[in-house]
Amino acid sequence: IALLSLALVAIGCGGPNYRFDPLPSPAWITQNIQVDGALIKAVGLVQATPQVMTDSDLAKRNALQQVAASIQAQVVGRSQTWSAQMESGGTFEEREMTSSNVEVRTRLRVEAAEVDEEYRDEATKTHYTLLTVDKSTWVQKIGSRLNTTLNRLERLLTKAQRDLDAGRVFKVTKALAQATEIGNKSSSDLTVVEVLVGATELVERATILREQ
């Protein structure tokens with residue numbers, strides 16, 4: 001019984017296992033978000049707990065939030081106004097499609113992100129995650145969506161023009177309302193592409209559609 005009691009005391013004194021990593025700590029844990037050519041690097045952190053996998057997920061999420069915030073900081077203040085205009089035989093229909101202040105009010109989803117390294121620091125009791133986002137891959141993913149969206153917009157506006165020519169004004173109004181919704185949903189993606197890589201063919205296509 002005495003031996004069992006001693007064993008239980010020893011176990012009780014051991015406390016939770018945080019599985020901290022050995023020293024020295026890597027230099028990257030103190031770096032701020034960085035843009036290195038086609039790569040964005042961010043360090044996410046969270047207070048360490050015995051739940052290592054949960055800490056890892058939360059630290060990654062924190063890094064993703066930092067990347068999103070850095071993009072949003074460049075997006076805020078920009079605005080994109082979509083204006084679809086149809087004219088036929090003196091009849092004129094117009095509907096503005098405004099994505100008020102594209103502050104990425106919808107959640108900005110950071111894509112093409114990979115975890116490079118993780119470190120659990122005993123001194124600060126912190127779990128650190130080094131995350132890298134490949135801008136080129138991110139833009140490719142967005143571009144695939146945008147291409148589909150712009151194709152749909154072009155078809156929709158072409159049909160709306162035919163309906164207007166035929167005097168089907170109700171259908172034109174309905175089509176322009178649909179175009180409004182589609183244009184607004186794509187605005188944040190378009191702005192992110194502009195922030196990441198500047199003007200592209202997709203951005204130019206969108207600009208032409210807005211200015212029709």
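Would you tally the residues in region 114-166 being part of a helix (DSSP H, G or I) and open to solvent by 30 Å² or more (accessible area, probe 1.4 Å)? Even if it seems obvious, please write down each step before you answer.
Of region 114-166, the ones part of a helix (DSSP H, G or I) are 135-165.
Now restrict to residues that are open to solvent by 30 Å² or more (accessible area, probe 1.4 Å): 135-137, 140-141, 144-145, 147-149, 151-152, 154-155, 158-159, 161-162, 165.
So the count comes out to 19.
Scanning region 1-23 for residues that are in a loop (DSSP other than H, G, I, E, B) and surrounded by fewer than 10 Cβ atoms within 10 Å (Cβ to Cβ), which turns out modelled with the lowest pLDDT?
Pass one, region 1-23, residues in a loop (DSSP other than H, G, I, E, B): 1, 15-23.
Then drop every residue that is not surrounded by fewer than 10 Cβ atoms within 10 Å (Cβ to Cβ), which leaves 1, 15-17, 22-23.
On the way: Ile1: 55, Gly15: 79, Pro16: 89, Asn17: 94, Pro22: 96, Leu23: 95.
Out of the qualifying residues, it is Ile1.
With the structure loaded, tell me whether Val197 is of a type outside the set (Ser, Thr, Tyr), under 18 Å from the mean Cα position of the chain (by Cα) and under 30 Å from Thr49 (Cβ atoms) or whether it fails that test.
Details: of a type outside the set (Ser, Thr, Tyr): yes; under 18 Å from the mean Cα position of the chain (by Cα): yes; under 30 Å from Thr49 (Cβ atoms): no.
Against the criterion (of a type outside the set (Ser, Thr, Tyr), under 18 Å from the mean Cα position of the chain (by Cα) and under 30 Å from Thr49 (Cβ atoms)), Val197 does not qualify.
Name the one entry in Val110, Val139, Val197 that is at pLDDT 80 or above and in contact with a strand residue (DSSP E or B) (Cβ under 9 Å, 6 or more places away or on another chain). Full working, then the answer.
Working: Val139 fails: in contact with a strand residue (DSSP E or B) (Cβ under 9 Å, 6 or more places away or on another chain); Val197 fails: in contact with a strand residue (DSSP E or B) (Cβ under 9 Å, 6 or more places away or on another chain).
From the options Val110, Val139, Val197, the qualifying one is Val110.
List the number of the failed condition for Ala68; all other conditions in (1) part of a loop (DSSP other than H, G, I, E, B); (2) at pLDDT below 95 hold.
Checking Ala68 against (1) part of a loop (DSSP other than H, G, I, E, B); (2) at pLDDT below 95, the one that fails is (1).
Residue-wise test of (1) touching a strand residue (DSSP E or B) at 6+ places or on another chain (Cβ under 8 Å); (2) open to solvent by less than 30 Å² (accessible area, probe 1.4 Å); (3) at pLDDT below 95; (4) of a type in the set (A, V, I, L, M, F, W, C).
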site: Ser25; (1), (2), (3), (4): yes, no, no, no
site: Gln47; (1), (2), (3), (4): yes, no, no, no
site: Ala63; (1), (2), (3), (4): yes, yes, no, yes
site: Val76; (1), (2), (3), (4): no, no, yes, yes
site: Phe92; (1), (2), (3), (4): yes, no, yes, yes
site: Thr106; (1), (2), (3), (4): no, no, yes, no
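Which members of region 29-45 meet the condition of being in contact with a Ser or Thr (Cβ under 6 Å, 6 or more places away or on another chain) and open to solvent by less than 30 Å² (accessible area, probe 1.4 Å)? If you could, list the steps in order and put the result at the bottom.
Just the residues of region 29-45 that are in contact with a Ser or Thr (Cβ under 6 Å, 6 or more places away or on another chain), to begin with: 33, 38-39, 41, 44-45.
Once the filter is applied, which keeps residues that are in contact with a Ser or Thr (Cβ under 6 Å, 6 or more places away or on another chain) and open to solvent by less than 30 Å² (accessible area, probe 1.4 Å), region 29-45 yields only Gly44.
The values are calculated or read from the model by the stated rules, or taken from the named source; none is laboratory data. Everything numeric here is computed off the predicted structure, so don't read it as measured data. Cβ: placed from backbone, ideal geometry, glycine included. Neighbour counts: every protein chain shown. Note: areas computed on protein heavy atoms with side chains; ligands, DNA, RNA excluded. Shrake-Rupley method; radii C 1.70, N 1.55, O 1.52, S 1.80 Å.
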